[in-house]
Every structure is written in structure tokens, then in C-alpha cells.
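Trainee: If you scroll down you'll find the structure; I have some questions about it.
The values are calculated or read from the model by the stated rules, or taken from the named source; none is laboratory data. Just so it is clear, the structure is predicted and the values come from calculations on it, not from any experiment. In this analysis, Cβ positions are derived from the backbone assuming ideal geometry, glycine residues included, and neighbour counts consider all displayed protein chains. In case anyone asks, the SASA skips ligands and DNA or RNA and just uses the protein heavy atoms, side chains included. Shrake-Rupley method; radii C 1.70, N 1.55, O 1.52, S 1.80 Å.
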Amino acid sequence: MGGMILPDAEWRHRAGLAHLVDVLGDARFVGGSVRDTLLDLPVSDLDVATPLSPQRVIELLKGAGIRAVPTGIDHGTITAVLESGPVEVTTLRRDVSTDGRRATVAFTDDWREDAARRDFTINALYADPATGEIFDYFGGLADLVVRHVRFIGDPLQRIAEDHLRILRFFRFLARFGDVADPAGLDACTARAKDLMALSRERIADELLKLLVAKDAVRVVALMIERGIFAPVLPEIASADRFADLAAREDAAGVAPDAIRRLAALIPADSVLAELIAARLKLSKAQRKRLAAAVVPPEGNFIAMAWHAGVEAARDRLLIFGSPLSDVAVLDAWQPPRFPLTGGAIVARGIKAGPEVARLMKQVEQAWIDEGFPDEARVSALADDAVAQALRSASSA
């Protein structure tokens, strides 16, 4: 169970952390911080487990001058606000009842019992803050060595407890795994329809994290093969464009982006993209970006960037196979300011109203077509457009 020591890492020296664990007395680091340190990966979120009750944790923290926020007190979680950032302190738990979406828990002082309710063996690793000794109750260390993503206990039961574990299984496989546990993979396949019972926000959160994981291409293809997306995102039928996009992002030195990658998985239909974004309850900004990204690029890509925005243009160039040299040019391009106002059109003799807006658009399009010339050229274009409009008005 034990015997291995957690390597030293930057996060273990963050301001206030040593004081926090001293105040709690009986506590261990758990989950991602232990797993990622063993994999020599950066650690962001810190989680601490303790047999102390939530109320006792609050008392001890307040007594030590540490701000305590009851962020999830019903499930035993108190957030300790340290100088170096928040740390979640959670009382050891066991499940009393589950319905696939939420759990009712009881508190315990049994570390193994707490580990048994966690999803995967690699997430059920604990470390003593003082000695670094690692406590492994279900073979997580051995699984970590071979990058084996494996449920604790019966996979079907774990999925019945929380349906989101289906997507978590594939996300962890994409981020950490080389080997998908056959029993876990079969259980996820058999219970894929359980995803329909989840809130779309939870699905979107897991999906967007999965799409940017290091091995997302292989895992997304596996999910399509196994019909995992079908109950909630039947529009995802092929990973070909997704794989091409990931390769092009890498070749162009562009960071993976979840919304761009989602756009590469769905049909090139902006109306459908809007519906999918609404179904997943994405933010307004994410919805707008997804709908823009699925539109195939046409014409001059700089002109496209002016009209649709640099971000949308970059997404389209990457998704639909435009030359990577175009992406490089776009990334170096700074959108200029259109140096003409409606007032300047009025000053040339056009009455305020719809005609001003029409002429503004006409001059703007000419400016774009000529490659965004300087203000003097725009002034000349405006003179010509206004003169033509006045001639047409006088001859009418």
C-alpha cells in the first residue's frame, strides 16, 4: 500500500500550505496533486483529505486565522483561502445513495473507504504532507506506471453512481492513458445512453477538457467507434477533420482550442452549430465562435478576417485546410481602423440618413478590396463615391 515517497515539487512550498496542514494535524494530499507530481506534470489545484468533520475544519482554520469558505459543506468540502491560492479540504466520505447525477454522503474516518468511492485508481492516491509517503489502496501506482486508466471496483456500478464518469474515463485516457481498461471501455459503451440524464453543462465541461488533451485524436476516434457521442451529440460522426486540425495546429505552432476542435467535429453548418451550442449551454461568446468557425473560408482571407474577426478567420483557415502560410500572415496582421466616419460623408454633401450608411459600406468595401490603403486614399474613395451619388441624385 505504501513505501513510495512523493517527489518534492514547487507546489509543496506554496505560501501557507505547511501552516494549513499543521493546523489540521491529520491530513493528506490527495488526487491530482499526487498523480501529476508523480508524472512530473504541473500542479494547479490542491486537494487535502482529512478525517476531521467539516465543522471542526472550519473551527481550526478560523482559529489559525485562515479564511474558511464552506464551498461544498454538504459534501464535506471547505475551501481554505491561502496567500498562494485556495486549497480544498474535504472530510473523508462514503456514499450513502447515488442516482447517477448526485450522491448523498456520510462522513467517515476510514481512508480506504474514502478511496473506494473515487472513480479511477490513479485518482485515489494520498500522500502524507510531512513525510511524502504515498498511500495506494487500489493499485493506482502500478496503473500510473503503465498509463492504465482503470475504474476502482465494478465499472458498471461506478458509472451507475455517476454517469459523468463515462466522459471522465475518456478524458483521463486522453490525458494520461496509454491503456484503456477493457472492462471500463465496455462498461462505458454499454451505458453511453446514461449521459442523456446529465445536465448539458456538465457534459460540455468534460467534453471541452477532453478535446484539448494530448491524445484527444485517438480517444475521440475511439469514442465515435464505440458510439459514446451518439446519445447527446449524434452530429459527431467522424474524427477525420478533427485529426487534420490537430496536426495543423501542431505544425503551425497554434495552441489547441476546445471550441475550434469542436467545430471540426460537427458539420459545416452554422445554423446546426448554433443549435449544438445551445444544447450544450455554451456561453454567448462560445456560441458565436462555434457558429463562425464552421463556415468554410472564401475569397481573400485578410478580408475575411476584417469582416468575421481574426479569431474566426484563424479557426476557418486551420479547420478547412488553407495553407499554413496564410495562418502565419494572419497572426502577424493587425486589423487597421477604417479611417472614415459618417460625418465625413455628410460634410461632402450627403443628407444624414440611409444613404450615408450605404456610402460608408461602399467605401469600406473598396478600401478592403485595395488592401486597406491609407487615409488619403480612403478620402479619395469617399470623394468619388459621394460625387457619383450626387450625380445620380441630380439626374433622377
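Trainee: Looking at segment 159-201, which of the residues that are more than 21 Å from PRO234 (Cβ to Cβ) and in contact (Cβ under 8 Å) with a residue 60 or more places away in the chain is least open to solvent (accessible area, probe 1.4 Å)?
Mentor: Among those residues, the one meeting the criterion is PHE176.
Trainee: Next question, about the same structure. Which one is most open to solvent (accessible area, probe 1.4 Å) among residues in segment 202-231 that are in contact (Cβ under 8 Å) with a residue 40 or more places away in the chain and not in a helix (DSSP H, G or I)?
Mentor: For segment 202-231, the residue satisfying everything is LYS214.
Trainee: Okay, moving on. Go through the residues of segment 86-108 one by one and say whether even a single one is modelled with pLDDT under 95, surrounded by fewer than 17 Cβ atoms within 10 Å (Cβ to Cβ), in contact with a Leu (Cβ under 9 Å, 6 or more places away or on another chain) and outside any strand (DSSP E or B).
Mentor: yes
Trainee: Which is at pLDDT 95 or above, surrounded by fewer than 16 Cβ atoms within 10 Å (Cβ to Cβ) and in a loop (DSSP other than H, G, I, E, B), of PRO296, PRO335? Show your work before the answer.
Mentor: Working: PRO335 fails: at pLDDT 95 or above.
One residue alone meets the criteria, PRO296.
Trainee: Could you tell me whether ILE350 is outside any helix (DSSP H, G or I) and either out of contact with any Asp or Glu (no Cβ under 6 Å at 6 or more places or on another chain) or not hydrophobic (A, V, I, L, M, F, W, C) (or both)?
Mentor: yes
Trainee: Taking only segment 23-70 into account, find how many residues are more than 22 Å from the chain's Cα centre (by Cα), in contact (Cβ under 8 Å) with a residue 60 or more places away in the chain and more than 17 Å from ALA130 (Cβ to Cβ).
Mentor: 1
Trainee: Considering only segment 303-318, how many residues are of a type in the set (A, V, I, L, M) and in contact (Cβ under 8 Å) with a residue 60 or more places away in the chain?
Mentor: 2
Trainee: Only residues in segment 319-333 that are over 20 Å from VAL294 (Cα atoms) count as the first member; pair them with residues that are among the β-branched types (Val, Ile, Thr), Cβ under 7 angstrom, at least 6 apart or cross-chain, and list the lot.
Mentor: As it stands, the answer is TRP333/ILE302, since those pairs meet every condition given.
Trainee: Go through segment 358-378 and give me each residue that's in a helix (DSSP H, G or I) and in contact (Cβ under 8 Å) with a residue 12 or more places away in the chain.
Mentor: Result: LEU359, MET360, GLN362, VAL363, GLU364, ALA366, TRP367, ILE368, ASP369, GLU375, VAL378.
Trainee: Name the pairs whose Cβ atoms lie under 9 Å apart, with the first residue in segment 82-104 and under 28 Å from TRP11 (Cα atoms) and among the hydrophobic types (A, V, I, L, M, F, W, C), the second part of a loop (DSSP other than H, G, I, E, B) and open to solvent by 60 Å² or more (accessible area, probe 1.4 Å), and 6 or more positions between them or separate chains?
Mentor: Short answer, once both residue conditions are applied: VAL87/ASP45; LEU92/ASP109; LEU92/ASP110.
Trainee: Sticking with this structure for a sec: Considering segment 346-378 alone, what residues qualify as being more than 25 Å from PHE301 (Cα to Cα) and surrounded by 12 or more Cβ atoms within 10 Å (Cβ to Cβ)? Show your work before the answer.
Mentor: Let us first name the residues in segment 346-378 that are more than 25 Å from PHE301 (Cα to Cα), namely 346-356.
VAL346, ARG348, ILE350, GLU355, VAL356 - these are the residues of segment 346-378 that are more than 25 Å from PHE301 (Cα to Cα) and surrounded by 12 or more Cβ atoms within 10 Å (Cβ to Cβ).
Trainee: Would you point out the residue of segment 1-22, among those that are among the hydrophobic types (A, V, I, L, M, F, W, C) and open to solvent by 30 Å² or more (accessible area, probe 1.4 Å), that is nearest to the chain's Cα centre (by Cα)?
Mentor: Applying the filter and picking the extreme gives ALA15.
Trainee: A follow-up question, please. For the subset of segment 27-43 comprising residues that are under 15 Å from MET4 (Cα atoms) and of a type in the set (A, V, I, L, M, F, W, C), which member is surrounded by the fewest Cβ atoms within 10 Å (Cβ to Cβ)?
Mentor: Among those that are under 15 Å from MET4 (Cα atoms) and of a type in the set (A, V, I, L, M, F, W, C), it is LEU39.
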